[in-house]
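Heads up: the structure comes next, in structure tokens.
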Amino acid sequence: MTTPVATPGGSPLPVPVGAGNTNGTPVVAPVRSNTHKDGGSSLGTFGVKSGLAQMLKGGVIMDVVNAEQARIAEEAGACAVMALERVPADIRAQGGVARMSDPHMIKQIVDAVTIPVMAKVRIGHFVEAQILQAIGIDYIDESEVLTPADEEHHINKHAFKVPFVCGARNLGEALRRISEGAAFIRTKGEAGTGNVVEAVRHQRSVMSEIRKASVMTEEELYAYAKEIQAPFHLLKETARLKRLPVVNFAAGGIATPADAALMMQLGCDGVFVGSGIFHSGDPAKRAKAVVQAVTHYNNPKILADISENLGDAMVGLTITDEMKGGRLASRGW
């Protein structure tokens, strides 16, 4: 089923709707396509790009820093991998300016797996995005985990044929990113902390604001759109659907199968796991457990079984303004 949603240019484009996997059926990871391999400039429609994001629903996307980790993630059942030189916990610990990863390293990961590969660019750095599109990446994450390149503008994502994912702390941020062309939204959480509290806060905020909007009159929606600085047509469609009009994943601080299941029960369509896998005692076993938790998030008995004997979880951080690296989620607007 698709629903037409107007773009900033005014023409309606189909946007697939629906919630994540709820029937306990394992998600089959999509096979990588050659859609973007030529590095050309022809634009994919918003409907096509959001449809590609829909293919990942009910799945787990894992951060990896080399081909071996990528293979572990694929064998565990990940629906995609995020190619990084450093996972968020290391970016936070080491400090400095965090930039797009080396394209050679990204291509090694692309060659190692058959599932889709994502990579991050700095907020506003459209040239990094052009490079990733040219080397054939499947999805681009305009990420607050990297050091922002532009403090006033996000990337115009309509100018690319590759789907973009962006983080959001609330409904206003989510709809602003969608209006810029994001085909895929995730919570920001606090990456690299192993602490899920901010991801929970952001998801609850988005869902609470959607419920509030869903009972408003059209006149009230006009006023609310102004209040949250969101395009009216997107807010109206979101209120009608009672969910975001694009895929919405959880990210930031997810470290255990229980964390993943929690975010799914809060209404997410899937989960990103970064430092929580490869900073744990048994990455392969924990990766498989998180995938199972997302599939069986409503079955406490299965969740209990898969949570046993996973080895040590990553060391978590208490989230404060004074912690090393600060609050990454505050980047962007």
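The values are calculated or read from the model by the stated rules, or taken from the named source; none is laboratory data. Since this is a predicted model, take the numbers as computed values, not measurements. Counting neighbours? That spans all protein chains shown, and the Cβs are built from the backbone with ideal geometry, glycine included.
Selection of the range 201-242 for residues being basic (Lys, Arg) and over 16 Å from ALA168 (Cα atoms) yields ARG211, LYS212, LYS226, LYS236, ARG240, LYS242.
Entry remark, the range 202-225: residues being surrounded by 18 or more Cβ atoms within 10 Å (Cβ to Cβ) and touching a residue at least 24 places away in the same chain (Cβ under 8 Å) number 8 in total.
Could you please find all residues in the range 151-165 being in a loop (DSSP other than H, G, I, E, B) and closer than 16 Å to ALA182 by Cβ?
Those that are in a loop (DSSP other than H, G, I, E, B) and closer than 16 Å to ALA182 by Cβ: HIS153, HIS154, ILE155, ASN156, PHE160, LYS161, VAL162, PRO163.
Contact map, the range 269-293: residues that are touching a residue at least 24 places away in the same chain (Cβ under 8 Å) and surrounded by fewer than 24 Cβ atoms within 10 Å (Cβ to Cβ) paired with residues that are among the small types (Gly, Ala, Ser) and not in a loop (DSSP other than H, G, I, E, B), Cβ distance under 7 Å, separation 6+ or inter-chain. Pairs shown: HIS279/ALA89; ALA284/ALA76; LYS288/ALA76.
Based on what the data block shows, is ARG240 part of a helix (DSSP H, G or I), at pLDDT below 95 and of a type in the set (Lys, Arg)? For ARG240, the condition - part of a helix (DSSP H, G or I), at pLDDT below 95 and of a type in the set (Lys, Arg) - is not met.
VAL315 meets all of the listed conditions (1) surrounded by fewer than 16 Cβ atoms within 10 Å (Cβ to Cβ); (2) at pLDDT 90 or above; (3) among the hydrophobic types (A, V, I, L, M, F, W, C) but one, namely (2). Considering only residues in the range 97-130 that are part of a helix (DSSP H, G or I) and touching a strand residue (DSSP E or B) at 6+ places or on another chain (Cβ under 6 Å), the one that is farthest from ALA182 (Cα to Cα) turns out to be ILE109.
Against the conditions (1) buried (at least 17 other Cβ atoms within 10 Å of the Cβ); (2) modelled with pLDDT of 95 or more; (3) assigned to a helix (DSSP H, G or I), SER50 satisfies every one except (2).
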